[in-house]
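Engineer: Below is a structure I'd like to ask you about.
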Amino acid sequence: VAVTGMGFYELWLNGRKGDPTRVMAPVMTDPGRGVLYDVYEVGNLLNADGANAIGIWLSPGYSDDFSRFGWLWLAPKRAILKLTVEFADGTKESVVSDGTWEATTDGPILAASIYHGEVYDASRENRAWSSPRGEWGNWKGAFAFPDGPDLIRSDVPAIRMSDPRRPVSLRETAPGVWTADFGQNRAGFVRVRAKGPKGTRIVLKTSELAGEDGKIDPWTNRAAKSLDEFTLAGTGAVETYCPRFTYHGFHYVEITGWPGRPTVDDVTGWAVHADLERTATFACSDETLNKIFNAATWSMLSNLMANPTDCPM
């Protein structure tokens with residue numbers, strides 16, 4: 001599959017994500033000069049009986065709430081895709097996105113912003129949306145991809161989730177308010193698993209700093225809300241949420257709205273950065289030097305979102 005989106009996209013085939021650890025694709029470019037597209041090998045996701053479905057999540061990406069220094073796409077969200085299948089006899093067949101494709105805004109992602117975070121309502125999920133036997137409901141014709149931008153195959157390392165970590169501590173700092181300390185300042189986000197009544201709203205606010213009382217001190221976020229919201233569907237089972245179209249610079253996460261008492265097994269901090277090969281490491285008998293090396297490493301990784309950035313949001 002060759003695919004791209006304006007802003008971010010996430011590719012799904014037959015109910016499975018095209019690349020499980022990839023986020024925030026495509027890499028940011030100036031759409032007036034060109035848009036990068038990505039190529040996936042998806043043979044293992046196709047059904048041999050010919051009943052297949054392709055789905056694409058879209059978000060605003062680097063939109064008007066990002067930065068005056070960012071490259072913006074302010075028109076309606078778009079995507080373009082070409083699936084090429086090669087059969088055992090060597091023949092090929094292609095499926096290309098066109099005017100027959102349909103789209104909806106009636107999904108569980110209510111908002112997505114690099115600065116402000118993501119709002120997700122699981123009660124609006126349609127788990128069969130990318131299944132060949134799914135029911136799509138009130139979908140409409142999708143917007144055509146614009147003719148202007150040049151499409152250029154990306155050779156940039158993908159942005160991926162990596163290095164999952166449990167909190168080193170989880171402290172109740174006020175009634176119903178919890179602070180998770182992940183022991184390391186990194187860029188990324190938090191995945192949660194919770195069980196509770198329908199409509200339960202869990203809010204995760206990230207921060208690089210916390211006071212002696214354990215309460216977060218988010219002044220480095222400046223105008224950014226830097227929070228993710230997860231509303232439970234109330235299925236009676238444990239529900240899982242992980243952001244797709246945002247990331248934050250954080251050491252601590254304030255948790256409110258949790259149904260009951262969270263544990264360290266319920267929240268996982270993920271790092272998000274370009275998928276770079278580590279070519280060297282360093283360790284010595286001086287713990288201060290080891291800490292300096294660790295800080296330098298994470299300072300670089302947290303600012304490598306394919307393009308080098310100033311600082312994590």
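Engineer: Give the aspartates and glutamates whose C-alpha is closer than 20 Å to that of Lys198, dropping any in the same chain fewer than 8 places away, or say none.
Structural biologist: Within the straight-line limit of under 20 Å, Lys198 reaches these aspartates and glutamates: Asp106, Glu118, Asp121, Glu125, Asp228, Glu229, Glu239, Asp266.
Engineer: Please list 3J(HN,Hα) in residue order for the stretch 98-106, calculated via the Karplus relation 6.51 cos²θ - 1.76 cosθ + 1.60 where θ = phi - 60°; whole Hz, with x for glycine and proline.
Structural biologist: Each residue's phi maps through the Karplus curve to give 8, x, 7, 6, 10, 9, 8, 9, 8 Hz.
Engineer: What 222 nm value per residue comes from the helices of the chain, counting each DSSP H run with n ≥ 4 as -39,500 (n - 2.57) and dividing by all residues, nearest 500 deg cm²/dmol?
Structural biologist: -1500 deg cm²/dmol
Engineer: Across the stretch 171-185, in residue order, what do the Karplus-derived ³J(HN,Hα) couplings come to in whole Hz, using 6.51 cos²θ - 1.76 cosθ + 1.60 with θ = phi - 60° and x for Gly and Pro?
Structural biologist: My calculation for the stretch 171-185 gives 10, 7, 9, 6, x, x, 10, 10, 10, 9, 9, 8, x, 7, 7 Hz in order.
Engineer: Give me the accessible area per residue for the stretch 131-251, probe 1.4 Å, as a whole number in Å².
Structural biologist: Normalised by residue count, the accessible surface of the stretch 131-251 is 52 Å².
Engineer: Whole-Hz ³J(HN,Hα) for each residue in the stretch 121-133, computed from phi via Karplus 6.51 cos²θ - 1.76 cosθ + 1.60 with θ = phi - 60°, x for glycine and proline: what do you get?
Structural biologist: Running phi through 6.51 cos²θ - 1.76 cosθ + 1.60 with θ = phi - 60° gives 10, 5, 5, 9, 5, 10, 5, 9, 4, 10, 9, x, 10 Hz.
Engineer: For the chain, give the percent of accessible area contributed by carbon and sulfur heavy atoms, probe 1.4 Å, rounded to a whole number.
Structural biologist: It is 51 percent, rounded to a whole number.
Engineer: Non-local amide H neighbours of Ala103 (under 5 Å, H modeled in plane, Pro and chain starts lacking H): which ones?
Structural biologist: Lys140, Gly141, Ala142
Engineer: If you don't mind, another one. Taking the 0 to 90 degree range and rounding to the nearest ten, how far is the long axis of helix 287-301 tilted relative to the main principal axis of the chain, both from C-alpha atoms?
Structural biologist: The two axes meet at around 30 degrees.
Engineer: Show the residues, 5+ positions off or on another chain, whose built amide H is closer than 5 Å to the amide H of Val264.
Structural biologist: Amide H neighbours of Val264: none.
Engineer: May I ask for the Rg/Rh ratio of the chain, computed from Cα atoms with Rh as the Kirkwood radius, given to two decimals?
Structural biologist: Working: Rg = 20.7 Å, Rh = 21.0 Å.
Result for the chain is an Rg/Rh of 0.98.
Engineer: Please give the FRET efficiency for Asp30 paired with Thr105, using the beta carbon to beta carbon distance and R0 = 30 Å, rounded to the nearest 0.05.
Structural biologist: After rounding to 0.05, the efficiency reads 0.70.
Engineer: Here is a further query. Peptides 111-119, 257-265: what's the order by average Cβ count within 10 Å, highest mean first? Don't skip to the end; give the middle numbers.
Structural biologist: Details: 111-119: 21.4, 257-265: 13.9.
Answer by packing, highest mean first, reads 111-119, 257-265.
Engineer: By the gyration tensor of its Cα atoms, with a ≥ b ≥ c the square roots of the eigenvalues, what is the shape of the stretch 148-263: rounded for a/c under 1.5, prolate for a/b over b/c, or oblate?
Structural biologist: Verdict is oblate for the stretch 148-263.
Engineer: Just to be sure I understand the model, the point goes 7 Å from the Cα along the line to the Cβ. What's the resulting Asn290 to Arg261 distance in nm?
Structural biologist: According to this spin-label approximation, the distance is 3.4 nm.
Engineer: Among the lysines, select those whose C-alpha is under 19 Å from the C-alpha of Lys140, and discard any that sit fewer than 8 residues away in the same chain.
Structural biologist: The qualifying lysines are Lys77.
Engineer: Something else: Cα centroid distance between the stretch 262-277 and the stretch 96-134, in Å?
Structural biologist: For the stretch 262-277 versus the stretch 96-134, the Cα centre distance is 23 Å.
Engineer: How high is the FRET efficiency between Lys195 and Arg127 when r is their beta carbon distance and R₀ equals 22 Å, given to the nearest 0.05?
Structural biologist: Efficiency for this residue pair is about 0.80.
Engineer: Let a ≥ b ≥ c be the square roots of the eigenvalues of the Cα gyration tensor of the stretch 103-148; is it rounded (a/c under 1.5), or, if not, prolate (a/b larger than b/c) or oblate?
Structural biologist: Since a/c reaches 1.5 but b/c is at least a/b, the shape of the stretch 103-148 is classed as oblate.
Engineer: Please identify which residues in the stretch 146-164 have an amide N closer than 17 Å to a label point set 7 Å out from the Cα of Asp19, following the Cα→Cβ vector.
Structural biologist: 152-163
Engineer: Rounded, prolate or oblate, given the Cα gyration tensor of the stretch 1-137, with a/c below 1.5 counting as rounded? Intermediate results must be reported in sequence, preceding the final value.
Structural biologist: On the way: a/c = 2.23, a/b = 1.41, b/c = 1.58.
Since a/c reaches 1.5 but b/c is at least a/b, the shape of the stretch 1-137 is classed as oblate.
The values are calculated or read from the model by the stated rules, or taken from the named source; none is laboratory data. From a predicted model like this one, the values you see are computed outputs, not experimental measurements. As a convention, Cβ positions derive from the backbone with ideal geometry for all residues, glycine included, and neighbour counts pool all protein chains shown. Heads up: the accessible areas ignore ligands, DNA and RNA and are worked out on the full protein's heavy atoms, side chains in. Shrake-Rupley method; radii C 1.70, N 1.55, O 1.52, S 1.80 Å.
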